[in-house]
């Protein structure tokens, strides 16, 4: 469940940014900004670095949980960072068709290569977090 904007404010002068949101901001909007403005304002450097650290920690925690028994690798995947729709469905506990529908509806980001969809583990973690918020 998403909080209202006031739920992210700390006594009127600060904002709480969840680590998942920090990751998205750094990845899609702020990384270049952080590099361009590095050294101009020490407080800005510190805040943007904190966002980057929080985002990296979230990404590591959401994709590196491990299992009791190692799963057999899927040889058809280009790397361990990419999942087929079948593997993504298994991890989400839904059908392959549900994953393909989420891709078609642009609720889940993926790449279509060689006639197959591939989903980055990090994108799957973002999608799972959003799905869990709406439950």
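Coordinate-derived values only; no laboratory data. This one's a predicted model, so the numbers in the text were calculated from it and none came from an experiment. Here the Cβ is made from the backbone with ideal geometry for all residues, glycine too, and neighbour counts use every protein chain on show.
In this simple spin-label model, placing a label point 7 Å from the Cα along the Cα-to-Cβ direction at both residue 37 and residue 130 gives a separation of 2.6 nm. Based on every Cα atom in the range 82-133, Rg and the maximum pairwise Cα distance Dmax equal 9.8, 33 Å. Residue-normalised convex hull volume from the C-alpha trace of the range 11-63: 81 Å³ per residue. For the listed peptides 99-111, 28-40, 81-93, a ranking on the average number of other beta carbons within 10 Å per residue, highest first, reads 81-93, 99-111, 28-40.
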